[in-house]
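Engineer: If you scroll down you'll find the structure; I have some questions about it.
The values are calculated or read from the model by the stated rules, or taken from the named source; none is laboratory data. Nothing here was measured: the structure is a model prediction, and the numbers come from that model. Positions of Cβ are generated from backbone atoms using ideal geometry, with glycine treated the same way; all protein chains shown enter the neighbour counts. We work out accessible area using only protein heavy atoms, side chains counted, and drop any ligands, DNA or RNA first. Shrake-Rupley method; radii C 1.70, N 1.55, O 1.52, S 1.80 Å.
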Amino acid sequence: MAKTRIIMTEKVVPVFPKGVRLKFDKKRKQWVVLAPERMFVLDEIGISVMHCVDGKSNVDEIVDSLSKQFKAPREEILDDVVEMLQDMADKGVLDE
Amino acid sequence: MTVSIEPPLAMLAEITHRCPLRCPYCSNPLELSKRSHELSTKVWLNILDEASELGILQVHFSGGEPTVRDDLTVLIKHAEKKGLYSNLITSGVLIDKSKLDSFIDSGLQHIQLSIQGADSEVGDYIGGFPGGHQKKLEVAQLIHDVDLPLTLNAVVHRHNIGQIKKIINLAEKLHAQRLEVANVQYYGWGFFNRKNLLPTREQLMEATEEVNKARDRLKGKLVIDYVVPDYYARRPKACMGGWGRRFLNINPAGYVLPCHAAETIPGLRFERVTDKSLSEIWYHGSAFEAFRGTDWMPAPCSTCDRKEIDWGGCRCQAAAITGRPDATDPACELSPDHGSMNSIAQNESKPSQEQFQYRRM
Ligand code: SF4
Ligand code: SF4
């Protein structure tokens, strides 16, 4: 984790840091994020957002692609997506 | 109501009881397993196969000191192959650069490094291992250099809880992501040394305040896990997330336990992975069935609306304090035995002149 809090603004490119993994749990048939001594089960939106984290796309581009994917206007999903990314960053599950 | 049995999420793999340190609060049993009773590499590889099949997602390699075994790299590699997330719980004193590299190349995802104090003076005294603290600082630096996430684990008690502020500063300086401030769990060696380890109420209140201040200051930079010790709590913790619900523990001799201290509970029979499949033990083992769900609960738990939140608390603690493993955890204010827990805290937390006893084989 960086020494300062990461703020997920438009140009930030989120990545999974070492020790964090997105995994499909075959037994329970759900996507999970495995992180140091914790795990999160993702809901459908969460999965879509996390799948956009590819180490290349910035927050802006992630919002664009989700807006296309869900055929929802950009402004409508922007806040939710940023909030989710920020929450994940605060939990140490995303880095920049 | 019967709660349906879910597959376990995590496994604590206690691959050995051997350890160069001698912490007086070690949660290992007083009767430590000898090297000659340890499971072979082949058996552990099988266990990892079974674990992944059973639905386990995370494996915590622990002990004793897991790095005393020279097959740890092989085990980590196999866990990785099976899609298991592996974590190493270590005192760090046996790790050098090449060992660390081999763990990481094998797929290790995270390290939890213990410290026994904020500096060499306290740390080496508590751990009973001269030079240990300095070694830990070096290992933390190595971990940071390769960018692996680090959790620093500090077990606190009467002799080091006053260092809490310095411990938090150290965690920051060592670039830890998480700091786990764990109050001693009073079983195993900890139970044996309880009267020389229990902190006073004042010490705890001070520490809690320091932690809360630091949490605000460090939001988004360092996560601090801190739980008030049971002896001063009003409600129990959901021990292991509920008995037989999420975790299983395999001890060095291959016994499968619902929690690492379960052997302290009289009357339970444990089974070995070398005799039965992990799945059979998880779903049908008598020790797992004993306190799974809520059917076994006595009053006041049986009618309490928190029974599926804390699952009646810790069985080991109930057994240790009340002598009845199926009693409500005395850490709970609603337990008829809560008073005895309070008086233990009051009587035993007074600074005594006596020295604690180091753990020994
Ligand atoms: S608590 Fe101390 S003595 Fe026990 S295994 Fe851990 S480092 Fe070793
Ligand atoms: S009575 Fe039992 S279920 Fe209720 S809070 Fe206490 S320990 Fe938990």
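Engineer: Please work out which residue is surrounded by the fewest Cβ atoms within 10 Å (Cβ to Cβ), limiting yourself to the range A:33-70 and to residues that are touching a Leu at 6+ places or on another chain (Cβ under 7 Å) and within 12 Å of another protein chain (Cβ to nearest Cβ).
Structural biologist: Checking each candidate, the answer is A:Met39.
Engineer: Of all residues in the range B:196-231, count the ones that are out of contact with any strand residue (DSSP E or B) (no Cβ under 8 Å at 6 or more places or on another chain), away from chain A (no Cβ under 14 Å) and not in a helix (DSSP H, G or I).
Structural biologist: Residues flagged as out of contact with any strand residue (DSSP E or B) (no Cβ under 8 Å at 6 or more places or on another chain), away from chain A (no Cβ under 14 Å) and not in a helix (DSSP H, G or I) within the range B:196-231 amount to 3.
Engineer: Here are some residues: B:Ile111, B:Ile126, B:Ile143. Which one is open to solvent by less than 10 Å² (accessible area, probe 1.4 Å) and away from chain A (no Cβ under 14 Å)? Working first, answer last.
Structural biologist: Values: B:Ile111 fails: away from chain A (no Cβ under 14 Å); B:Ile143 fails: away from chain A (no Cβ under 14 Å).
Exactly one of B:Ile111, B:Ile126, B:Ile143 is open to solvent by less than 10 Å² (accessible area, probe 1.4 Å) and away from chain A (no Cβ under 14 Å), namely B:Ile126.
Engineer: Residues B:Trp296, B:Trp243: which one is surrounded by 23 or more Cβ atoms within 10 Å (Cβ to Cβ), more than 9 Å from ligand 2 (Cβ to nearest atom) and part of a loop (DSSP other than H, G, I, E, B)? Can you show your working first?
Structural biologist: Working: B:Trp296 fails: surrounded by 23 or more Cβ atoms within 10 Å (Cβ to Cβ).
Just one listed residue meets the conditions, B:Trp243.
Engineer: Quick one: which residue in B:Lys237, B:Lys195, B:Lys219 is among the basic types (Lys, Arg) and touching a helix residue (DSSP H, G or I) at 6+ places or on another chain (Cβ under 6 Å)?
Structural biologist: Details: B:Lys237 fails: touching a helix residue (DSSP H, G or I) at 6+ places or on another chain (Cβ under 6 Å); B:Lys219 fails: touching a helix residue (DSSP H, G or I) at 6+ places or on another chain (Cβ under 6 Å).
So the residue among B:Lys237, B:Lys195, B:Lys219 that is among the basic types (Lys, Arg) and touching a helix residue (DSSP H, G or I) at 6+ places or on another chain (Cβ under 6 Å) is B:Lys195.
Engineer: May I pose another question? Which residues, taken from the range B:32-47, are open to solvent by less than 30 Å² (accessible area, probe 1.4 Å), in a helix (DSSP H, G or I) and out of contact with any Leu (no Cβ under 6 Å at 6 or more places or on another chain)?
Structural biologist: Hit for the range B:32-47 is B:Ile47, nothing else.
Engineer: Taking the range B:149-175 as the search range and keeping residues that are open to solvent by less than 10 Å² (accessible area, probe 1.4 Å) and assigned to a loop (DSSP other than H, G, I, E, B), which one is nearest to the other protein chains (Cβ to nearest Cβ)? Can you show your working first?
Structural biologist: Pass one, the range B:149-175, residues open to solvent by less than 10 Å² (accessible area, probe 1.4 Å): B:149-152, B:154, B:156-157, B:160-161, B:164, B:167-168, B:171.
Now narrow it down to the ones that are assigned to a loop (DSSP other than H, G, I, E, B): B:149, B:157, B:160.
Numbers: B:Pro149: 4, B:His157: 22, B:Asn160: 22 Å.
My answer is B:Pro149.
Engineer: I would also like to ask the following. Name the pairs: first residue in the range B:233-249 and touching a residue at least 40 places away in the same chain (Cβ under 8 Å) and of a type in the set (S, T, N, Q), second residue open to solvent by 70 Å² or more (accessible area, probe 1.4 Å) and part of a strand (DSSP E or B), Cβ to Cβ under 9 Å, at least 6 apart or on different chains?
Structural biologist: Every condition considered, the pairs that remain are B:Asn249/B:Tyr255.
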